[in-house]
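Bear in mind that the values in this text are calculations on the coordinates, not laboratory data. Owing to the predicted nature of the structure, the values given are computational and were not obtained by experimental measurement. Ideal geometry is used to build each Cβ from the backbone, glycine not excepted, and the neighbour counts take in all protein chains shown.
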Amino acid sequence: MMNIRVLLAIVVPVLIAVSFTQEADAQTLQDSVAAMARAFKGDVGIYAVNLQNGDTVSYNAEKMFPTASVIKIYVLARLYQEIKEGRLAMNDKVVLRDSDKVPGSGILLFMHDGLKLTLGDLSWLMINMSDNVAANLLTDEVDGVMKVTDYIRSLGFKHTMELAKIFDRNVYPDSTLRKKYGIGVTTPRETATFMKELYEGDIVDKKSSEAMIKLMEYQFYNTSIPRFLPTYRDTIEIAHKTGALNATRNDCAIIYTPRTNYVLCVFTTHNKDQRWITDNGAEVFIAKISLLVYNSFVKKEF
């Protein structure tokens, strides 16, 4: 049998070397992300966490950013809370009226007055088509913007708020925030934490969390976080929600791979490139950050 001192003499240096290598890898990722963020023509916030080993990378993770349509995941969570408490049901019907229609993403804008939809229909449209009319209707169903923000506060998030319905001219208590951030505000760390808690089954309850993740797996807009990832929809699954305004592009995701799972949230605003094309600079930037994080969190596991 090998002498214990001899064994320790062999094992300890190896463990130290592995530790140093892991620290070096983490620092390399952090440096690379920071360098890319500094070079981007706009403001950037990033937070990623490996859900297996707890590794993180961040840049401006505590900075407040406009959510754009990312706020819709919080409306969805509030809806599931109302359903759990018995006040609403997914089969409840809502009647679409011409007065409900607002511009932007989605298809309900083009549907006829009097169309009946279930809350389940509206949820799917709000998340996967980012339908603005559906988001406003669901916000009304859960008793409005303030109730959504109250629910977000109950989750422990201090800087995340729904500030207004989409294209709603009503004045809300903090009009300064609304003027600055639009329909919602958050930080990369808070929304990444929300996604992590979804993954862990802690938003509303395990069943509800799983249902919300399942909805986000059918996301229609896939030109940011999923864009450059190898074998997407083959061996990689992504549950995510995007958000876009003229000078803002965001994407927040749970990424499932055969080796490890992780959360990545990237927010950008004050962007120089405001073109509404798939090769918008911010969307390509988010895709490159996504591949960089994948290469660090996943590839090194092989």
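Brief remarks on what is shown
- Whether region 64-186 is rounded, prolate or oblate, judged on the alpha carbon gyration tensor where a/c under 1.5 counts as rounded: oblate
- Mean separation of Cα pairs under 8 Å and 6 or more residues apart, divided by the residue count, gives region 155-302 a relative contact order of 19 percent.
- Sequence-separation-based contact order of region 64-186, relative, with Cα cut under 8 Å and 6+ spacing, percent: 31 percent
- The chain, relative contact order in percent, only Cα pairs under 8 angstrom and at least six apart counted: 22 percent
- The count of lysine pairs in region 160-236 that are at least 8 places apart or cross chains, and whose C-alpha atoms lie under 27 Å apart, stands at 8.
- Here the spin labels are modelled as points 7 Å beyond Cα on the Cα-Cβ line, and at residue 206 and residue 218 they lie 2.4 nm apart.
- Answer label for P(r) over Cα pairs in 20 Å bins from 0, in percent (calculated), chosen among (i) 31, 51, 16, 2; (ii) 34, 57, 9; (iii) 33, 53, 11, 2, 0: (iii)
- ³J(HN,Hα), Karplus 6.51/-1.76/1.60, whole Hz, each residue of region 232-237, x for Gly, Pro: 4, 6, 9, 10, 10, 10
- Principal-axis analysis of the Cα atoms of the chain puts helix 4-39 at an angle of about 40° to the longest axis.
- Region 129-142 - phi-based ³J(HN,Hα) in whole Hz, Karplus 6.51/-1.76/1.60, Gly and Pro as x: 9, 6, 5, 6, 5, 4, 4, 5, 4, 5, 4, 5, 5, 9
- Most to least packed among 104-116, 78-90, 141-153 [average Cβ atoms within 10 Å]: 141-153, 78-90, 104-116
- Summarising the label geometry, the points placed 7 Å from Cα in the beta-carbon direction at residue 38 and residue 246 lie 3.1 nm from one another.
- GluC sites (Glu not before Pro) restricted to region 184-222 and DSSP loop, no more than 12 other C-beta within 10 Å: 200
- Rounded to the nearest 20, the size of the Cβ-charge dipole of the chain about its Cα centre is 480 debye, with Lys and Arg at +1 and Asp and Glu at -1.
- Helix axis angle, 206-216 relative to the chain longest principal axis, alpha carbon, degrees: 80 degrees
- Ordering 115, 65, 138 by Cα displacement along the dipole of region 64-186 toward the positive end leaves 65 in first place; charges were set at the Cβ atoms of Lys, Arg (+1) and Asp, Glu (-1).
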